[in-house]
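To start, the structure itself, in C-alpha cells.
Only the coordinates and a few stated rules stand behind these numbers; no lab work does. Quick caveat: nothing in here was measured; it's all calculated off a predicted structure. Cβ sites come from the backbone with ideal geometry, for glycine too, and all protein chains shown count toward neighbours.
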Amino acid sequence: MVNILGHHHTSMITKDAKESNYFYTKVLGLRRVKATVNQDDPSMYHLFYGDRTGSPGTELTFFEMPLAGSTYRGTNAISRIALLVPTDQSLDYFKERFEENNVKHGEITSYANRKALHFEDPDGLALVLLVAEGEKMPHWEEWENSPVDVEHQILGMGPIEIKVRRLEKLTNTLTEILNYSIVEEKEDQVILRPIKEEVFGEIIAILEEGERERPGRGSVHHLAIRAKDDEELYHWEKKVRERGFAATRVIDRHYFKSLYFRESNGIMFEIATDGPGFTIDGNIDNLGEQLDLPPFLEEKRAEIEAVLTQLKEL
C-alpha cells in the first residue's frame, strides 16, 4: 500500500522577513536552508528553515508580505504547529531562551498527551514545543552551527492542529483518500496519523463552529505532506481527482514536485515529494546564504533582486 510518509513542510505568512529570520534562526536555532522566492509571485521571498539540510518534516517556510494585516482567528484554518524537542529538560532550556528574548510564552503544561510549552512567533503564529519521548526521524540531521545546544535542537514538526466546521469531512478526506488512521477519537476531536507509530505526521482535527479565519500575518497558508517520489505523487493526484476535488497539476518546484488541493472545509493541502532537496543548487556548507532561483526564473534574477531586501540585511 502507498502511504503518506508524514509532514513535509508548513507555509506561513510573515510581515517582516528580518524579524522572522532572527526568531527562527537565533532563538529557535533552526537553519535557514533555502532563500528563494514565491514561484507564483517572485516579488516576495520564500524562506525555508529546518535541520542541517532542510529534511522533509523539519521545514517551516515563510512568504514575506510586508503589507499583510492582522489575522482574525477563527475556524476552517490550520491553527497550531507543534515542534518536537528531545527531553523534558529541553522545555526548560527553551523557556529560559524565550524569557531572555521576550518571546510570548506560557508555562510548561501538556498538549496532545505530552509535556508542552506554548509560545508565539513575532507574527503571532501559535506554536508549541512537545517532548518527543525518544521518537526521532531517521533522516534528521543536527546543525553544528546552531545557537541551540545539540541536545535540545528541534527535531521536526509534530502534531498539526486544524480547526474546522465539518469535522467528518476532514476526517474522511484524510482516512479515505490519504490512508491516514484514526488513533484517538472524541466527539469534537480526532487525532490521525499516516503511520500509526509516528507522531511526526500527526494531525489533530478539532470541531469548531463560528466565523471562518481571515488570514494575515502569522496565519498558516497550507500544510504539505510527504510523497516518496514522482510515481507516488501521481498516485495521490489520481485519488484526489477521483474523489472530485479540484487539484492543480503536478508542479515542478525544483526542490520537490507538488500538487495542491483544498478539502471541503477549505483547508489547503500540498502533497510534495521528498526529493531532490535543497542541495540540488547549493553547497551543503552554505545553504540559505544566497538567493537561489529555479531555472525558469534565473533569467529574471536582476529584476527579482531589485525588489527584494538584500539577504545580508536579514
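Counting Lys +1, Arg +1, Asp -1, Glu -1, what net charge surrounds GLY275 among other residues with beta carbon under 10 Å of its beta carbon? Walk me through the intermediate numbers first.
Details: positive: LYS228, LYS257; negative: ASP229, ASP230, ASP274.
With Lys, Arg at +1 and Asp, Glu at -1, the net is -1.
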For region 183-193, in residue order, the Karplus 3J(HN,Hα) values (coefficients 6.51, -1.76, 1.60; θ = phi - 60°; whole Hz; Gly and Pro = x) are 10, 7, 9, 10, 4, 10, 7, 10, 10, 10, 9
If amide H atoms are modeled at 1.01 Å from N in the peptide plane, then the residues at a separation of 5 or more from VAL183, or on another chain, having amide H under 5 Å from its own are ILE191, LEU192, ARG193
Between TYR72 and ASN172, the two model label points (7 Å from Cα along the beta-carbon direction) sit apart by a distance in nm of 3.0 nm
Amide H neighbours of SER79 at under 5 Å, excluding residues fewer than 5 places away on the same chain, with H built from the backbone geometry, are GLU161, ILE162, LYS163
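Please list, by residue number, every one of the trypsin sites (Lys or Arg not before Pro) in region 74-156 that is coil in DSSP and has at most 14 other beta-carbon atoms within 10 Å.
Values: sites: ARG80, LYS95, ARG97, LYS104, ARG114, LYS115, LYS136; in loops: LYS104, LYS136.
The qualifying sites are LYS104, LYS136.
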Note, region 64-77: 3J(HN,Hα) by Karplus (6.51, -1.76, 1.60, θ = phi - 60°), whole Hz, Gly/Pro = x, goes 8, 10, x, 9, 5, x, 6, 8, 9, 4, x, 8, 6, 7
GNM on the chain, Cα springs under 10 Å; top mean-square fluctuation among ASN102, ASN172, ASN38 goes to ASN102
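Only Lys, Arg, Asp and Glu count, each charged at its Cβ (+1, +1, -1, -1), so figure out the dipole size of region 7-313 about its Cα centre, rounded to 20 debye. Working shown, then result.
Values: 38 positive and 56 negative charges, 169 e Å.
Roughly 820 debye for region 7-313.
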Place a point 7 Å from the Cα of GLU133 in the direction of its beta carbon; the residues of region 183-198 whose amide N falls under 13 Å from it are 184, 197-198
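Which value at 222 nm does the chain reach when only helices count, each DSSP H run of 4 or more adding -39,500 (n - 2.57), with the total divided by all residues and rounded to the nearest 500 deg cm²/dmol?
Values: 5 runs with 45 residues, N = 314.
It comes out at -4000 deg cm²/dmol, rounded to the nearest 500.
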Here region 159-175 yields Karplus 3J(HN,Hα) values (6.51, -1.76, 1.60; θ = phi - 60°; whole Hz; Gly and Pro given as x) of x, 10, 8, 10, 9, 9, 6, 10, 4, 4, 5, 5, 4, 5, 4, 5, 7
Computed over region 119-158, the convex hull of the Cα set has an average projected area, in nm², of 3.7 nm²
Zone reached by a paramagnetic label modelled 7 Å from VAL183 Cα along Cα→Cβ, restricted to region 82-105 with backbone N below 18 Å, covers 82-88
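Work out the FRET efficiency for GLU144 and TYR234 from their Cβ-Cβ distance, taking R0 = 25 Å, and round it to the nearest 0.05. Don't skip to the answer; put the middle values down first.
Values: r = 38 Å, r/R0 = 1.51.
Result of the calculation: an efficiency of 0.10.
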Interchain or sequence-distant (5+) residues whose placed amide H lies within less than 5 Å of the amide H of HIS221 are SER11, MET12, ILE13
Summing +1 per Lys or Arg and -1 per Asp or Glu among the other residues with Cβ less than 11 Å from THR173's Cβ gives +2
With DSSP loop assignment and no more than 12 other C-beta atoms within 10 Å, the GluC sites (Glu not before Pro) in region 189-226 are GLU197, GLU209, GLU211
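Determine the gain in length on full extension of the stretch SER110-GLU209; use 0.36 nm per residue of separation and subtract their C-alpha separation, reporting nm with one decimal.
Details: separation 99, 0.36 × 99 = 35.64 nm, distance 2.42 nm.
The SER110-GLU209 span can extend by a further 33.2 nm.
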When the charge dipole of the chain is computed with +1 on Lys and Arg Cβ and -1 on Asp and Glu Cβ about the Cα centre, the Cα farthest towards its positive end, among GLY134, VAL164, TYR49, belongs to VAL164
